[in-house]
1. Picking from 23, 3, which residue would you name as being assigned to a helix (DSSP H, G or I), under 13 Å from the mean Cα position of the chain (by Cα) and modelled with pLDDT under 95?
2. Given 98, 106, 11, which one is surrounded by fewer than 14 Cβ atoms within 10 Å (Cβ to Cβ), modelled with pLDDT under 90 and within 29 Å of residue 129 (Cβ to Cβ)?
3. Out of all the residues in the range 65-86, is one or more at pLDDT below 95, within 12 Å of residue 118 (Cα to Cα) and surrounded by fewer than 19 Cβ atoms within 10 Å (Cβ to Cβ)?
4. Is there any pair linking a residue in the range 1-17 that is at negative phi and free of Cβ contacts under 8 Å to residues at least 40 places away in the same chain to one that is loosely packed, with under 13 Cβ neighbours inside 10 Å and not in a helix (DSSP H, G or I), with Cβ under 9 Å and at least six apart or on different chains, and which?
5. In contact with a helix residue (DSSP H, G or I) (Cβ under 7 Å, 6 or more places away or on another chain), under 24 Å from residue 2 (Cα atoms), without any contact (Cβ under 8 Å) to a residue 40 or more places away in the chain and not in a loop (DSSP other than H, G, I, E, B): is that true of residue 64 in this structure?
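The values are calculated or read from the model by the stated rules, or taken from the named source; none is laboratory data. Everything numeric in this text was worked out from a predicted model, so none of it was measured. Here Cβ is always computed from backbone atoms with ideal geometry, including for glycine, and neighbour counts include all displayed protein chains.
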């Protein structure tokens, strides 16, 4: 939960606000990854890296779209519907990590950051569901 502690809004947040904060942090990470993968593809002189990492730009745009949908659902307080969105987001982040693995590097740091944020969102929202049951 150190991801949440990194945001100063967390200290005073109630559970619904924690859900939104965690999702906003995931959106921010998706934006950052889109930018970073665009730069990697544009600046790489290694055609293998360009070929492997190029699809990640689209993958992270898809992740951002999913996470924005989760934010809307969280605003509506339909927390149970969010888990599937983060399952799909995690699947996509792992897909990008697999595409970009070179020389047996298991997960690139960008994908690992996104995976951590998605897992945090899942944990927060699963807790929300358990509290409302």
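1. 3
2. Numbers: 98 fails: within 29 Å of residue 129 (Cβ to Cβ); 106 fails: within 29 Å of residue 129 (Cβ to Cβ).
Exactly one of 98, 106, 11 is surrounded by fewer than 14 Cβ atoms within 10 Å (Cβ to Cβ), modelled with pLDDT under 90 and within 29 Å of residue 129 (Cβ to Cβ), namely 11.
3. Looking through the range 65-86, at least one residue is at pLDDT below 95, within 12 Å of residue 118 (Cα to Cα) and surrounded by fewer than 19 Cβ atoms within 10 Å (Cβ to Cβ).
4. Close Cβ pairs satisfying both conditions: 10/1.
5. It is true that residue 64 is in contact with a helix residue (DSSP H, G or I) (Cβ under 7 Å, 6 or more places away or on another chain), under 24 Å from residue 2 (Cα atoms), without any contact (Cβ under 8 Å) to a residue 40 or more places away in the chain and not in a loop (DSSP other than H, G, I, E, B).
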